[in-house]
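**Q** One structure, as structure tokens, below. Some questions next.
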Amino acid sequence: MRKHFIRSLLLACCLLSLSVAEATAELVVVVNARNGVAVMTRNEVINIFFGRYRQFFNGVEAQPVDLVDGHPDRGHFYYGLVGKDVSDVNAYWSRQVFSGRAQAPPRVNTSEEVLKWVSSHPGGIGFVELGKADARVRVVYELNP
Amino acid sequence: MRSDSLNSLARLIGGKWRVLLVLLLLGGQVGAEETSNLSLNGFGTLGAVRTTSRDVEFVRDLSQPRGAVDRWDAKVDSILGLQANWRLNPELEAVVQAVSRYRYDKTYTPEISWAYLKYDPTPQLSLRAGRLGTEFFMMADSRQVGYSYLPVRPPGDFFWYLPFYSINGADASLTLPVGDNVVRGKVYYGISEGKIPYGQWQWKLDGSAMVGGYLDYQLGAWLVRASYANIRFNHNMPIVDLLTARSLPTPIIRQVDDYLAAANTRSHYYSLGAIYDSGPWQLQLMLNKITQGSEIFESSSAGYVLAGYRIGQVTPYVGFSWIRSEKRGPMNNPVLDPLLDVIKAESHANQNTTILGARWDFARNLALKAQWDGIRGEPASIFPFREEQDAWRGKMDVFSISMDFVF
């Protein structure tokens, strides 16, 4: 009886994570079109968004932008990038901020604001759905499920 | 209207909090504008803890004069912190953090735990000067931010003995990429602050010089760190007060105080740590070794392992920690040794702790935790505790619940 419950719980978790993974398929990381960076590795993207190292390989300082918690893309992005829940990411930032090490990227409300930020900052970097990436930005990393 | 009610709240609370609340209010208003360079954040924990023993009092670390026994107690883990960050320009930032918690003098008097200027001339280099949190062990500088870690409190066997929270000084860190991995080194120097309770007296840390550094290697989901620090104490433990209260003759007091002197002795802290943080998994392994220069402290080695696995909103975790300290030899003075043995026994620790708990991220920026600590040690293991009685046998269970928040 109990075993059965645990099994269905695990199954539910698997299904849940599958559906989340599917939704991440469309998200891409974009940089300013004039940046000169053409492609990035997963670790390079993680380093920038988690404040570990905020510089592109060509020397341009990275200026990442994030979305507000309520935006569904935020959860999908971090789940696809590091397999982490948004609350894990927030806990990580509370450690960085309250130990004075690094500030979290500024947060905007919509994907359009992400594109505006990225195109108006030389080192701008953000994430949007693939279909929304236009000529102002360049896709440098695709989140694989 | 809003500011009126906040002001009257501030008046109620009084003291330094008033300034911070006004700042918070100001921040709320400034924050509404788009070009805000001032950000205000806070963190806190409401915690309750009880043990299964009346023979010792359980404390979070040695900065606390009294602790919890077999009744629910909120003072051990509860804490409130506020932080203001002011960005003056892209390279320069000013940060002030104030914290209120149960401290050495049995009050919750707020203290300025951080107040510094941070200058980042390049993405690689970061320089800070002012009052800084000490980071001589991995994560030691975020010990007070419960929301940022998995268990209710940092594993005690590793952190109990470190009541040093801040220095007035400077640090420099350099971050360099190695392929798509990251290497980070940091050095710091400063003068310590604060007091540590000792019986009814206090040991002054002010004026004690601390110097240290560490090297981090971030390899994908792994973060590995080696660190070293030392502190040169400026004051003796309050042995004179202790012995004077017992009406011992002055020459004996002087001899004992000299023999157990902490002033001008140096303690060395070595540590190795590894963190694995990927997907639902969080793993930590830490080892430390402390070499004490003064006869009054025992040198020790300690460590812990902690593993958590997230399932939906809940992350169950399990851990194991330990501490061993080495008893010091006698002075070989037949008159003083019996007295010295009693005083030196206070710094002995030999115990293991099994940790079992769960963190529930039930709402945005809020976490509930419940934890059991099974402490199993020698009856002589009394350094980690307060108010130990003769009946202490070295074993007890500790139950904790806490709610952590950040804003």
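The values are calculated or read from the model by the stated rules, or taken from the named source; none is laboratory data. No experiment lies behind these values; they were computed from the predicted model shown. Methodologically, a virtual Cβ is constructed for each residue, glycine included, from the backbone with ideal geometry; neighbour enumeration extends over all protein chains shown.
**Q** So B:Q64 clears everything in (1) away from every other protein chain (no Cβ under 12 Å); (2) farther than 21 Å from B:T134 by Cα except one condition, right? Which one?
**A** With respect to (1) away from every other protein chain (no Cβ under 12 Å); (2) farther than 21 Å from B:T134 by Cα, B:Q64 is out only on (2).
**Q** Something else about it: Only residues that are surrounded by 16 or more Cβ atoms within 10 Å (Cβ to Cβ), free of Cβ contacts under 8 Å to residues at least 60 places away in the same chain and over 20 Å from the mean Cα position of the chain (by Cα): list them for the range B:277-292, please.
**A** Once the filter is applied, which keeps residues that are surrounded by 16 or more Cβ atoms within 10 Å (Cβ to Cβ), free of Cβ contacts under 8 Å to residues at least 60 places away in the same chain and over 20 Å from the mean Cα position of the chain (by Cα), the range B:277-292 yields B:D277, B:P280, B:L283.
**Q** Let me ask you something else. Answer yes or no as to whether B:Y214 is more than 14 Å from chain A (Cβ to nearest Cβ), surrounded by 17 or more Cβ atoms within 10 Å (Cβ to Cβ) and in contact (Cβ under 8 Å) with a residue 60 or more places away in the chain.
**A** no
**Q** Of everything in the range B:105-117, what is under 15 Å from the mean Cα position of the chain (by Cα) and away from chain A (no Cβ under 14 Å)? Give them in sequence order.
**A** Result: B:E111, single match.
**Q** Let me ask another. Residue by residue through the range B:306-355, note down the ones that are assigned to a strand (DSSP E or B) and either more than 23 Å from B:W392 (Cα to Cα) or touching a Cys at 6+ places or on another chain (Cβ under 6 Å) (or both).
**A** B:L306, B:A307, B:G308, B:Y309, B:I311, B:V314, B:T315, B:P316, B:Y317, B:V318, B:G319
**Q** Determine the pairs where a residue that is within 14 Å of another protein chain (Cβ to nearest Cβ), located within the range B:363-384, has a partner that is surrounded by fewer than 21 Cβ atoms within 10 Å (Cβ to Cβ) and among the charged types (D, E, K, R) with Cβ atoms under 9 Å apart, the partner being 6 or more residues away or on another chain.
**A** B:R364/A:D69; B:N365/A:D69
Conditions (1) closer than 20 Å to B:P90 by Cβ; (2) surrounded by fewer than 20 Cβ atoms within 10 Å (Cβ to Cβ); (3) at pLDDT below 95, marked per residue:
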site	(1), (2), (3)
A:V31	yes, no, no
A:V45	no, no, no
A:P64	yes, no, no
A:L115	no, no, no
A:P122	yes, yes, no
A:V128	no, no, no
A:L143	no, no, yes
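Conditions tested, residue by residue: (1) surrounded by fewer than 23 Cβ atoms within 10 Å (Cβ to Cβ); (2) more than 8 Å from chain A (Cβ to nearest Cβ); (3) in contact (Cβ under 8 Å) with a residue 24 or more places away in the chain; (4) within 21 Å of the chain's Cα centre (by Cα).
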{"residue": "B:R103", "(1), (2), (3), (4)": "yes, yes, yes, yes"}
{"residue": "B:Y119", "(1), (2), (3), (4)": "yes, yes, yes, no"}
{"residue": "B:R131", "(1), (2), (3), (4)": "yes, yes, yes, yes"}
{"residue": "B:V152", "(1), (2), (3), (4)": "no, yes, yes, yes"}
{"residue": "B:F158", "(1), (2), (3), (4)": "no, yes, yes, yes"}
{"residue": "B:P163", "(1), (2), (3), (4)": "yes, yes, yes, yes"}
{"residue": "B:D180", "(1), (2), (3), (4)": "yes, no, no, no"}
{"residue": "B:V187", "(1), (2), (3), (4)": "yes, yes, yes, yes"}
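**Q** Tell me whether the range B:282-291 contains one or more residues that are in contact with a Lys or Arg (Cβ under 7 Å, 6 or more places away or on another chain), within 14 Å of another protein chain (Cβ to nearest Cβ) and closer than 30 Å to B:Q313 by Cβ.
**A** So far as the range B:282-291 goes, no, none of its residues is in contact with a Lys or Arg (Cβ under 7 Å, 6 or more places away or on another chain), within 14 Å of another protein chain (Cβ to nearest Cβ) and closer than 30 Å to B:Q313 by Cβ.
**Q** Next question. Has the range A:98-113 got at least one residue that is of a type in the set (S, T, Y) and either at positive phi or at pLDDT 95 or above (or both)?
**A** Scanning the range A:98-113 turns up at least one residue that is of a type in the set (S, T, Y) and either at positive phi or at pLDDT 95 or above (or both).
**Q** Follow-up question, since we're still on this one. Taking B:I167 as meeting all but one of (1) within 9 Å of chain A (Cβ to nearest Cβ); (2) assigned to a strand (DSSP E or B); (3) surrounded by 24 or more Cβ atoms within 10 Å (Cβ to Cβ), write down the number of the exception.
**A** Every condition holds for B:I167 apart from (1).
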